[in-house]
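Just so it is clear, none of the values below were taken in a lab; they were calculated from the coordinates. This is a predicted model, so every value here is computed, not measured. Note that we place each Cβ from the backbone using ideal geometry, even for glycine, and neighbour counts take in every protein chain shown.
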Amino acid sequence: MTLPVKRSIRLNWAVTAVLLGTLYACSIAVPAEGAKILAVFPTSARSHYIVGSALMKELARRGHEVTVINAFPQNKPLKNYRDIDVSGSDEFVKELVPNLFEMADLGVWDSITLTNKFGQMLANYTLVHPNVKKLIASDEKFDLVIMESFLNDAHLGFVHHFKAPCVAFSTFGASRWTNDMVGTPSPISYVPHPFLSFTDRMSFVQRIGNMLMTIMDSVLGHILDFPVQSAMYEAAFPDPKPPLEHLRRHAVSLVLLNNHFSLSYPRPYVPNMIEVGGMHVNRKPNPLPEDIQKLLDNATNGVIYFSMGSNLQSSQLPVEKREAILRVFAGLKQTVLWKWEDETLPNRPKNVIVKAWWPQDDILAHPNVRLFITHGGLLSTTESLYHGVPVIGIPVFGDQYLNMAKAERTGYGLLVPYKEISEQRLAHAINQVLADEKYKTVAKSISARYRDQPQEPLDLAVYWVEYVIRHRGAKHLKSAGQELGFLQYHGIDVIATIIGVPVLFFYLIFKLLCGGLSKKNASVGSKKKRN
């Protein structure tokens, strides 16, 4: 009689195990019906695309049917992932600014206008591309539109055209154009403009500069950029359609920011603006190519990694700056890995290894990397901090100044302005960061804070994308501030009323009293004359 009982017990345990396994599988399974998602990431900057593609590939892996307008189509087909190729925009970027290092010489006005022009050219190039025009003319349906937000308001036309909710994505954090989409406040008293090298602790003079920069950026955006974006929108999408200004304020359900408070500054956000910074960083480093792995492993004195990003080309550095950098590197005992785009580097020291491309994220994960010399882009800064590597920043344009000002103030790096690059200045900065352990300690501390999250950034981004899909646009997240005009939003009408009504009241009383006194004086005067 004992054998059947044992079999029964074993059977019950087996059934229980199967049920638990089934429940677990259901808990992690993708939705039975994946959504159809259109993503608009047409940028010619590979670094921007890397962040967006990380999200789209993960959505495809989870069962969603993803269509991506981009300039970097996949070499191998991916399941649930379709490219709409719009490559070629890098050519007009070269025509607009043949050498991006020249932007370091531009003033504030020229920098903003040139950035706006770049956004307009990229937006127009995308909309008139035959592959995109074919998509617009098709009868395809989408459940969601995800679009990069970078001076491309005209692309909001995809949202209305396909009658789908929208998730906007910013590759470098909050800005004027993302804040306006969801009504996020941006107090100029402690939130620095992205193009300024200020921190959240500004002096009085800096706050004046921050206010003037913010006002100028907003005015130029509304006067010079928005009319051009509106004209492109009107030309690209069929009628009937609402004004573009209406879409800017009402079409976007959620904004994802490639930022995190541990990497930047604490600031206010509305509930539908979510920080997912660093979702492109490999939590588990990929295996390095054998030659690179050997270089890193054998670098007993450590490694310095030098890259100016995907847009700036180190090979376009002026000769005098390049030679100054090489003289500094020649005097170091560390191995230097330099992202250099040409086949040869004249006067290259033996300890300097050059390649047109390095697997940056995986290199920074190697324990022998002592220092990262960077242009200061947010993606590079994020990767460096995730791996706890101190930096020396050579900012040239955009938010690079802001990021490196943060590095210097916080203590995980130093800022060397591009215009001030010299053998002495660069050598002093490198020796200071390598010799003083505080830079590495601070970088490791920030890395620990950044990693201490309840959910990985990529999982968080996917959750909120699917949240918008599940709740059909999640209109309940939208701030009532989007319904208000400028005067109402800032309370100027209320302030004017509070101040104006009493002033008007006392003014009228004053006029009445003055009128009464003048009549009385006139009456007294007439009596005197009669007498």
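So the values come out like this:
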read-out	value
The range 290-451: relative contact order as a whole-number percent, Cα under 8 Å and 6+ apart	21
Residues with amide H under 5 Å from that of Ile146, placed H, sequence gap 5 or more	Leu38, Ala39, Val40, Val167
Amide H within-cut-off set for Leu371, under 5 Å, with H built and near neighbours excluded	Val303, Tyr305
Other-chain or far-sequence residues with amide H under 5 Å of Met273's (modelled H)	Val255
Principal semi-axes in Å for the chain [√(5λ), Cα gyration tensor, largest first]	48, 36, 26
Long pairs among Lys438/Lys478; Lys117/Lys444; Lys76/Lys355; Lys94/Lys444; Lys36/Lys284; Lys94/Lys133, criterion Cα-Cα beyond 32 Å	Lys438/Lys478; Lys117/Lys444; Lys94/Lys444
Over the range 75-136: Kirkwood hydrodynamic radius from C-alpha pairwise inverse distances, Å	13.9
Largest-first principal axis extents, alpha carbons of the range 290-451, Å	42, 36, 28
Acute angle (nearest 10 degrees) that the helix 46-61 long axis makes with the longest principal axis of the chain, alpha-carbon atoms	70
For the range 34-97 and the range 299-321, distance of Cα centres in Å	27
Angle in degrees between helix 204-220 and the longest Cα principal axis of the chain, rounded to the nearest 10	90
Sequence of Tyr190, Tyr401 once ranked by neighbouring C-beta atoms within 10 Å, starting from the fewest	Tyr190, Tyr401
Order of Lys419, Lys440 - criterion: other Cβ atoms within 10 Å of each residue's Cβ, fewest first	Lys419, Lys440
Calculated from backbone phi, Karplus (6.51, -1.76, 1.60) coupling profile of the range 505-515 in Hz, x at Gly/Pro	4, 5, 5, 5, 4, 4, 5, 5, 5, 4, x
Alpha carbon centroid spacing (whole Å) that separates the range 350-398 from the range 445-481	27
Zero-based 5 Å bins, Cα pair distances in the range 59-170, whole percents	2, 10, 17, 22, 19, 13, 8, 6, 3, 0
C-alpha long axis of helix 108-127 to longest principal axis of the chain, angle in °	60
MRE, 222 nm, helices only [DSSP H, n ≥ 4, -39500 (n - 2.57), over the chain, to nearest 500]	-15000 deg cm²/dmol
